[in-house]
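So the structure is just underneath, and the comments pick up after that.
The values are calculated or read from the model by the stated rules, or taken from the named source; none is laboratory data. Owing to the predicted nature of the structure, the values given are computational and were not obtained by experimental measurement. In this analysis, Cβ positions are derived from the backbone assuming ideal geometry, glycine residues included, and neighbour counts consider all displayed protein chains. Each accessible area value is taken on the protein alone, full model and side chains, heavy atoms only, with ligands, DNA and RNA left out. Shrake-Rupley method; radii C 1.70, N 1.55, O 1.52, S 1.80 Å.
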Amino acid sequence: MKRLTIIWMKFILLTAILLSNTNVQADEKSFEISVKNLTQTASKVLEFDVYLLDTDPGQNFELASCQLGFLINSLIYTGGTLSAVIDNTGSGLNSSQQFSASPSLASPLTGYPDQTLIRLAGRTPPGAGNGTIISSSGDGTLLTHFVLTSTVDFTSNSTPNLVFNSSTATTPLYPTRVSEYISTTNTALPVTPGDNANGYGNPV
């Protein structure tokens, strides 16, 4: 009897683990982070929005934290330098989760010729129940707006080729990270460029 009880308890525990893993896997595909409205607004200025979309409207996506890492083509500002600022006007994030750090840039990057790294640190997770509920309609929730400014006119016929870094990116890159509260647990989700991290538009 005792042996059967132990076997039964192990079975229950294994089932719970499998169900837990299934739920996490389902949530890993439940969002898209994207760059939209990528536009050259002046001869030296490039702007874009970053959105987070809940692609599983059947359950709420409560954001725990987010940080952003991008690569951009350095040849668009040959002979000059690039700087970046953000504007949170219209952001759908709760005030405690809106980006407050200044973006930083790095170039050159060892192993990544002609690439400039753009990085933006996130905020401390606010605790389950206090995170932003991400929109499941339209483009999703606006995270922030970037303004990139060059000291020289952008190179004629060049393209920015802006892409997200994955959540597994390592130095000298800076990973894009998205965490969600799943059953009150802060859970890091995989970010994969071309899958759930996409850029729309590549203006000449």
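Could you work out what % of the accessible surface of the stretch 69-109 is carbon and sulfur, using a 1.4 angstrom probe and leaving DNA, RNA and ligands out of the count?
The nonpolar share, carbon plus sulfur, comes to 51 percent.
Name the residue, out of Thr149, Thr185, Thr55, whose mean-square fluctuation peaks in a Gaussian network model built on the chain with Cα pairs under 10 Å.
Thr185
Would you mind checking which residues have amide H under 5 Å from Thr144's amide H? H placed 1.01 Å from N; only 5 or more apart, or other chain.
Amide H neighbours of Thr144, under 5 Å, 5+ apart: Val50.
For Asp56 and Ala42, compute 0.36 nm times the residue count separating them, minus their Cα-Cα distance, and round to one decimal in nm.
That works out to 1.3 nm of additional length.
Name the residues whose placed amide hydrogens come within less than 5 Å of the amide hydrogen of Arg123, ignoring near sequence neighbours (fewer than 5 apart) on the same chain.
The answer is Cys66.
For the chain, with only Lys/Arg (+1) and Asp/Glu (-1) charged at the beta-carbon, what is the dipole magnitude about the Cα centre, in debye rounded to 20?
With only Lys, Arg, Asp and Glu charged at Cβ, the dipole is about 760 debye.
So what is the calculated 222 nm ellipticity per residue for the chain, using -39500 (n - 2.57) for each DSSP H run with n of 4 or more, over all residues, to the nearest 500 deg cm²/dmol?
The helix-only estimate for the chain comes to -4500 deg cm²/dmol at 222 nm.
Out of Gly138, Gly79, Gly69, any idea which swings most in a Gaussian network model of the chain, alpha carbons joined below 10 Å?
Judging by the Gaussian network model, the answer is Gly138.
Hey, what do the phi angles of the stretch 148-164 turn into as Karplus ³J(HN,Hα) couplings, whole Hz, using 6.51/-1.76/1.60 and θ = phi - 60°, x for Gly and Pro?
Computed from phi, the couplings for the stretch 148-164 are 9, 10, 9, 7, 10, 4, 4, 5, 4, 6, 8, 10, x, 6, 6, 9, 6 Hz.
Quick one: Karplus J couplings for the stretch 72-82, per residue in order, coefficients 6.51, -1.76, 1.60, θ = phi - 60°, nearest Hz, x for Gly and Pro?
These are the phi-based 3J(HN,Hα) values: 9, 5, 5, 6, 6, 10, 3, x, x, 10, 10 Hz.
Using modelled backbone amide H atoms (1.01 Å from N, in-plane), which distant-in-sequence or interchain residues come within less than 5 Å of Phe31's amide H?
Excluding prolines and chain starts, which carry no amide H, the hits are Thr55.
Can you give me the relative contact order of the chain as a percent, contacts being Cα pairs under 8 Å and 6 or more apart?
Contact order relative to length: 30 percent.
Just to check I understand the Karplus step: with θ = phi - 60° and J = 6.51 cos²θ - 1.76 cosθ + 1.60, what whole-Hz values come out for the stretch 45-57, glycine and proline as x?
Couplings: 10, 10, 10, 7, 9, 10, 10, 10, 10, 7, 8, 10, x Hz.
Mind checking the full-extension length gain between Ser102 and Thr124? Use 0.36 nm per residue of separation minus the Cα-Cα distance, one decimal, nm.
Length difference between fully extended and current span is 6.4 nm.
Compare the Cα positions of Val85, Ser183, Ala121 along the charge dipole of the stretch 79-204 (+1 at Cβ of Lys, Arg; -1 at Cβ of Asp, Glu; about the Cα centre) and return the one farthest towards the positive end.
Positive-most Cα among the choices belongs to Ser183.
Restricting to bridges with both residues inside the chain, how much of the DSSP beta-bridge set is antiparallel, in percent to the nearest 5?
Antiparallel: roughly 90 percent of the beta bridges in the chain.
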